[in-house]
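The values are calculated or read from the model by the stated rules, or taken from the named source; none is laboratory data. For clarity, every value in this text was computed on a predicted model and none was experimentally measured. Heads up, the Cβs are rebuilt from the backbone with ideal geometry, glycines too, and the neighbour counts pull from every protein chain shown.
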Amino acid sequence: MSITFRQPIKDDLNRIIEIENTGFSPDEAASKEAMDERISVIPDSFILALDDHDRFMGYVVGPVIPERYLYDELFEKTVPNPKSGGYQTILSLVIDPDYQKFGIASHLLTELATRSRQANRTGITLTCLENLIPFYEKNGYKVEDISASQHAGETWYNMVLDL
């Protein structure tokens, strides 16, 4: 299976939301409005993975911030990315259930790291639930501590990939 990457367009919104809702609980998932804003404001750090028939398999998205760790306000309001520097965040990395276990999430992380290096980002930062730590560690990320995030009332862990 070949994978191609592209930025989203407005027509992709409904499919993106479908995939988002398969990967997160209702309290964790981004709203349609938040995802629409991300498509408009940060398309440069919103990457879709498509199969050889141009079907969505998954995506990764997040803004660039000056801080090393995510904070809850990022889930609500999106601001444009700086041209260079800062930390690339990951707010959502989701793969359609029909395409899971094929390494697509790892390919998306690799593509995000490549683009982040090209933009001279300091690193990539994310928060995840405890059960996902081994996946991110396999992809080079390191757990740094428990996050201050209160998003969806869960315990989140700060993970960083220094570039």
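Taking only the range 11-40 into account, find how many residues are over 15 Å from the mean Cα position of the chain (by Cα) and modelled with pLDDT of 95 or more. Qualifying residue count for the region: 9. Restricting attention to the range 23-38, the residues that are charged (D, E, K, R) and either closer than 13 Å to GLU154 by Cα or buried (at least 18 other Cβ atoms within 10 Å of the Cβ) (or both) total 3.
The rows are residues; the columns are (1) charged (D, E, K, R); (2) farther than 26 Å from ASP52 by Cβ; (3) free of Cβ contacts under 8 Å to residues at least 40 places away in the same chain; (4) out of contact with any Asp or Glu (no Cβ under 9 Å at 6 or more places or on another chain).
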site: PRO63; (1), (2), (3), (4): no, yes, yes, yes
site: LEU70; (1), (2), (3), (4): no, yes, no, yes
site: LEU91; (1), (2), (3), (4): no, yes, no, yes
site: GLN100; (1), (2), (3), (4): no, no, yes, yes
site: ALA113; (1), (2), (3), (4): no, no, no, yes
site: GLN118; (1), (2), (3), (4): no, no, yes, yes
site: GLY123; (1), (2), (3), (4): no, yes, no, no
site: PHE135; (1), (2), (3), (4): no, no, yes, yes
site: MET159; (1), (2), (3), (4): no, yes, yes, no
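Residue by residue, here is whether (1) acidic (Asp, Glu); (2) in a helix (DSSP H, G or I); (3) closer than 19 Å to PHE24 by Cβ holds:
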position: ARG117; (1), (2), (3): no, yes, no
position: THR127; (1), (2), (3): no, no, yes
position: ILE133; (1), (2), (3): no, yes, yes
position: TYR136; (1), (2), (3): no, yes, yes
position: VAL143; (1), (2), (3): no, no, no
position: ALA148; (1), (2), (3): no, no, no
position: ALA152; (1), (2), (3): no, yes, yes
position: LEU161; (1), (2), (3): no, no, no
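Checking LEU132, LEU126, LEU108 one by one, the residue that is of a type outside the set (S, T, N, Q), surrounded by 15 or more Cβ atoms within 10 Å (Cβ to Cβ), farther than 17 Å from PRO43 by Cβ and within 13 Å of the chain's Cα centre (by Cα) is LEU126 and no other.
Where strands (runs of 3 or more DSSP E) sit wholly within the range 1-95, none has at least 3 residues that are out of contact with any strand residue (DSSP E or B) (no Cβ under 9 Å at 6 or more places or on another chain).
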